[in-house]
1. Take the chain, connect every pair of alpha-carbon atoms lying under 10 Å apart with a spring to form a Gaussian network, then pick out the residue of 95, 31, 254 with the largest mean-square fluctuation.
2. Which distance in Å, rounded to a whole number, links the C-alpha centroids of the stretch 143-165 and the stretch 278-335?
3. Sketch the reach of a paramagnetic label on residue 58 as a point 7 Å from Cα along Cα-to-Cβ, and name the residues of the stretch 15-46 whose backbone nitrogen lies under 19 Å away.
4. What's the angle, to the nearest 10 degrees (0 to 90), between helix 257-266's Cα axis and the longest principal axis of the chain?
5. Starting from the Cα coordinates of the stretch 175-301, work out the convex hull volume and express it per residue in Å³.
6. Return the calculated 222 nm mean residue ellipticity for the chain, to the nearest 500 deg cm²/dmol, obtained by summing -39500 (n - 2.57) across DSSP H runs with n ≥ 4 and dividing by the residue count.
7. Provide the packing ranking of 277-287, 193-203, i.e. peptides ordered by the mean count of other C-beta atoms within 10 Å per residue, highest first.
8. Let me have the relative contact order for the stretch 227-292, percent, based on Cα pairs under 8 Å that are six or more residues apart.
């Protein structure tokens, strides 16, 4: 029986040179299959860390989890990921999503018709990475007679699979139709996956494919500690922030709307530490454990298996707490 796929998710908590890169190298040493780098808040972009990981590892795949579809021209996206593929051939994965509010509007981005925008952008990026000369005039993308002008390096198609980061069901169907995979969101329950699989299958059918043709990695918040209470409290803080900042994810998770509203009455954006501490007291253990893998090593392994049983093909583990190596070790031998 082969070892199940497992991946590491890096955000902005760790110093890039002294912590993040060594963690990725340790994950590779322990048999992890991939690392995905976050790009969500206005903190750390995904591309620079991806290049750092790619340059300092040999085998592990490296993905963006996820860049947004609004702030980079599709020609620039294609050239960026071609460059990363030059650095780590056949190890790069392009994860792209439609961003979220209120961040998008605060930086002047109008998330208008995200499904149509995503379809146009993915179409053009894929054709460019396939080595095609592209003319495309849609509602959001306008390019005329362009191609990736490779002077040094491999010419022709690049093996850079495209993953759409999806939470809503319409975007899930689009991923099933046009993407190589979907990067399923975190802070959702395994039960959410049942609905997601149904809609992925609907999209795949439109393209003459089955859901088995769609890779389905999933971000999973993983707070592991031999002290169960400490593990739960570490996860509770993140859950509280997302209840306030990204209620669309929380609604998809099945979290009670009354709790979401109560949290939002306390939290501003960006929230202060004092507000977060106050709001955390409202979040019960059962909500934390419903939408995260939190607790002792055996508890988190069991929870991650639930996500896989519900359709995830590769858990992408977001480590909370200070002992990242404990989390990596917990999953090094499978689960």
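1. Its mean-square fluctuation being the largest, the pick is 254.
2. Going from one Cα centre to the other spans 36 Å.
3. Residues passing the 19 Å test: 21-35.
4. So the helix axis and the longest Cα principal axis differ by about 90 degrees.
5. Looking at the stretch 175-301, the number lands at 111 Å³ per residue.
6. On the way: 14 runs with 151 residues, N = 335.
-13500 deg cm²/dmol, from helical runs alone.
7. 193-203, 277-287
8. Reported relative contact order: 42 percent.
A short reminder: the numbers here are calculations on the coordinates, not readings from a lab. Worth saying up front: this structure is predicted, and the values here are computed from it rather than measured. Don't worry about glycine lacking a Cβ; one is built from the backbone with ideal geometry, like all the others, and counts go over all protein chains shown.
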